[in-house]
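Beneath this line is the structure, given in structure tokens, with notes to follow.
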Amino acid sequence: MRRASETTRARFRALFVQVSGFLPHPPPLRLLRLGALPLLLAAAGARGEWTNGVWCGHGLALHGDLKYPDGFTHFAYVNPDAPKGGTIRLEDEGGFDTLHPFIPRGAPPSPIAMSLPYETLTVNSEDEPFSVYGLLAGQIEMPTNRAWVAYRIRPEARWHDGRPVTADDAIFSLNALREKGLPMYRLYYKDVVSVEKLGERYVRFHFPTNEINPELPLIMGQLPILPAHGWAERDFSATTLDPPLGSGPYRISQVEANRFVVFERLTNYWGRDIGPCRGMYNFDTVRYDFYRDSTVAHEAFKTGAYDWHLEMSAKTWATGYDLPERDAGVLRCESFPSGRIAWMQGFVFNLRRPLFEDRRVRRAISLAFDFEWANRALFHGQYTRCRSYFGNSELEAKGVAEGGALQRLRDGKRAFPDHVPDEVFGPEFTPASTDTAGGERAHRLSVRRNLVEALGLLREAGWAPRAGDGRLVHATRKDAAGRPLEFDFEILLVQPTFERVALPLRLSLRRLGIEARVRTVDMSVYMNRILEYDYDMITGHWPQSESPGNEQRDFWHSISAGQKGSRNFAGIRNPAVDRLVEEVIRAPDRRSLVDACRALDRLLQWGHYCIPNWYLPFERIAFWDRFGYPPPTEKAGTLWTWWWVDAEKDAALAARRAAVRGK
């Protein structure tokens, strides 16, 4: 599973606390893809050894050599001598009623928080294109045909109760997650044919030999390992507020449902001195306090109630930190660059609703969204419009389809002519725009142009304004009372700050005769409705990496459209999309992967499954000046798990704040 950075994941905690499932705690976050096997094995061989056609080593790299040799002491982007101690106070929104993040029941704290007690077999580095190193596993083995992968678990790896981590734990974890966990696990690990215990700490996962899935050997390294003995007399499918038993650097020391959860660092953590962990997890205590919504949380931050905040509101970033403490440097507001892929965020249509089955209708509603005005009037011009599901990468569909991507689209058109629109063979997809640079008159004309085009598409789909009140009604479809069906739907939100974006869209849709109700609900209601697909439109996003793979089934494939808790929010059931998803997963080399992703991107773009929103090429982080941190990485920016408390700054903070307020 490809994972966005911890800071990136935080921004959408409200939506993905449950839906996105478990995201393991190590901050190196991108899975490599086994795209070109000769390159991979050549790289691996430089750091490991071959025995009877099986490679054994401490890590794998997709391109070239691994940067870090066997026995490396720390990643270069952390401070190996960072002092331990102190507390970092963080915030979460809404509430929680379970500490079990692996099942489709209840609302746990954010994935970031709940990842702290757990570990995976491998961990990625943040300063290499795609490299992975053993975490729980000290050695990785794989044959040339990729028919299996084996992991030798480190003998020093321990659960918090002192018992060793074993092969039985890995086997239990796979079976429990596939049988009772979130639907994403069934999709993600569905191609694991069997798992075999070869020794007390030695486990092997077997894959199909008739259909090679190049990614599977690496995917298994991202399996969250859970204690078999910790669940021996407990129902894995039930929610619980009992602190979990893990093997990670932190364990829960205090918890009060819907209010706070406190993690304490284990001074005897088994992995504190191994290369993938040294210099990280420097705080003795990590505390998450829960706030009703982002507005309340922001006011609390300004009083010093918590220390570190990833700001998601452009308006708040531009105007909400105008405080004397900021002027004096006591409060820091920093933009940390991030070169991550710009994945899609948008208003998502639920195609399970008959209103949105017609692609022309979805396109028409998209034409009513005035991003340029919103960016200027609401976001202070900080954002760039999303247009691709793999933006800012070589996977992005640009220009006219060509080469392998074009051939895949042609094959899809022949096989499924009704599911591949002709537009995929034309110019590149560009979201509808308006003219805000040419003055008010030019802007009004461009808005009118878009709405006229939208009304034309709606008429083609059987909708027309009703005489008298202008409400959009269908020519043949009736409601339950036998009257012409009116076009109205609900935009479901969990963040009040998003209302200022949704309400202008509502007004624009009214000019077309469409009534769009905007409803903001609390976290528990929102999560229940998301899990049951009980919504017309929501805001959603799909995290991507430079090497997409099995997670694409959970995003777009027909098999996930009806599975409770999947990330196929739009309910896409398109055989042409399914076919391309499988080609992405089974791509034998990088060129094939790029072509398959570009074809998939184009088909998703012209499917109009969402109204594209926006993205930032950097992270906006506000924090009180009591921390030290290493320079940000080119790809991931910065993560709070690399930071530490600066004792001198921390001791002076209260006095500095008082001095500023006393002026």
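The values are calculated or read from the model by the stated rules, or taken from the named source; none is laboratory data. All values reported here derive from a predicted model rather than from experimental measurement. All Cβ positions, even for glycine, are placed from backbone atoms using ideal geometry, and neighbour counts span all protein chains on display.
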Quick one: F555 ticks every box in (1) in contact (Cβ under 8 Å) with a residue 40 or more places away in the chain; (2) under 18 Å from the mean Cα position of the chain (by Cα); (3) buried (at least 22 other Cβ atoms within 10 Å of the Cβ) except a single one, so which number is it? (1)
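Considering every residue within the stretch 264-277, establish whether at least one is under 25 Å from the mean Cα position of the chain (by Cα) and over 29 Å from E179 (Cβ atoms). Spell out how you get there, then give the answer.
Start the filter on the stretch 264-277 by keeping residues that are under 25 Å from the mean Cα position of the chain (by Cα), which leaves 276-277.
From the residues that got through so far, the ones that are over 29 Å from E179 (Cβ atoms) too are 276-277.
Looking for residues that are under 25 Å from the mean Cα position of the chain (by Cα) and over 29 Å from E179 (Cβ atoms), one finds at least one in the stretch 264-277, hence yes.
Does the stretch 599-608 hold any residues that are in a helix (DSSP H, G or I) and farther than 17 Å from Q407 by Cβ, and which are they?
Taking the stretch 599-608 as the starting set, the residues that turn out to be in a helix (DSSP H, G or I) are 599-607.
Passing the criteria: L604, Q605, W606, G607.
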When you go through A232, A238, A228 one by one, which is the residue that is surrounded by fewer than 16 Cβ atoms within 10 Å (Cβ to Cβ) and either of a type in the set (K, R) or more than 26 Å from the chain's Cα centre (by Cα) (or both)? A232
Please enumerate the residues belonging to the stretch 382-398 that are part of a loop (DSSP other than H, G, I, E, B), modelled with pLDDT of 90 or more and of a type in the set (G, A, S). S388, A397
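Residue-by-condition table, conditions (1) under 22 Å from E402 (Cα atoms); (2) modelled with pLDDT of 95 or more; (3) outside the structural domain of D422 (by TED's automatic domain parsing):
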{"position": "H541", "(1), (2), (3)": "no, no, no"}
{"position": "N550", "(1), (2), (3)": "no, no, no"}
{"position": "R573", "(1), (2), (3)": "no, yes, no"}
{"position": "C597", "(1), (2), (3)": "yes, yes, no"}
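In this structure, is F130 buried (at least 19 other Cβ atoms within 10 Å of the Cβ), modelled with pLDDT under 95 and not assigned by TED's automatic domain parsing to the domain that holds P214? Write out each step before concluding.
Details: buried (at least 19 other Cβ atoms within 10 Å of the Cβ): yes; modelled with pLDDT under 95: yes; not assigned by TED's automatic domain parsing to the domain that holds P214: no.
When the stated conditions are applied, F130 does not pass them.
Restricting the search to the stretch 202-215, which residues are surrounded by 14 or more Cβ atoms within 10 Å (Cβ to Cβ) and out of contact with any Gly (no Cβ under 9 Å at 6 or more places or on another chain)?
Here is the first cut: in the stretch 202-215, the ones surrounded by 14 or more Cβ atoms within 10 Å (Cβ to Cβ) are 202-207, 212-215.
Within the stretch 202-215, Y202, V203, R204, F205, H206, F207, I212 meet the criteria.
Every residue, every condition in (1) modelled with pLDDT of 85 or more; (2) of a type outside the set (A, V, I, L, M, F, W, C), yes or no:
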{"residue": "A14", "(1), (2)": "no, no"}
{"residue": "P24", "(1), (2)": "no, yes"}
{"residue": "P27", "(1), (2)": "no, yes"}
{"residue": "R30", "(1), (2)": "no, yes"}
{"residue": "R33", "(1), (2)": "no, yes"}
{"residue": "L40", "(1), (2)": "no, no"}
{"residue": "A46", "(1), (2)": "no, no"}
{"residue": "D81", "(1), (2)": "yes, yes"}
Subset of the stretch 449-486 that is part of a helix (DSSP H, G or I) and among the hydrophobic types (A, V, I, L, M, F, W, C) - its residue that is surrounded by the fewest Cβ atoms within 10 Å (Cβ to Cβ): V452
Tell me which residues, restricted to the stretch 614-629, are assigned to a loop (DSSP other than H, G, I, E, B) and modelled with pLDDT under 95. L616, P617
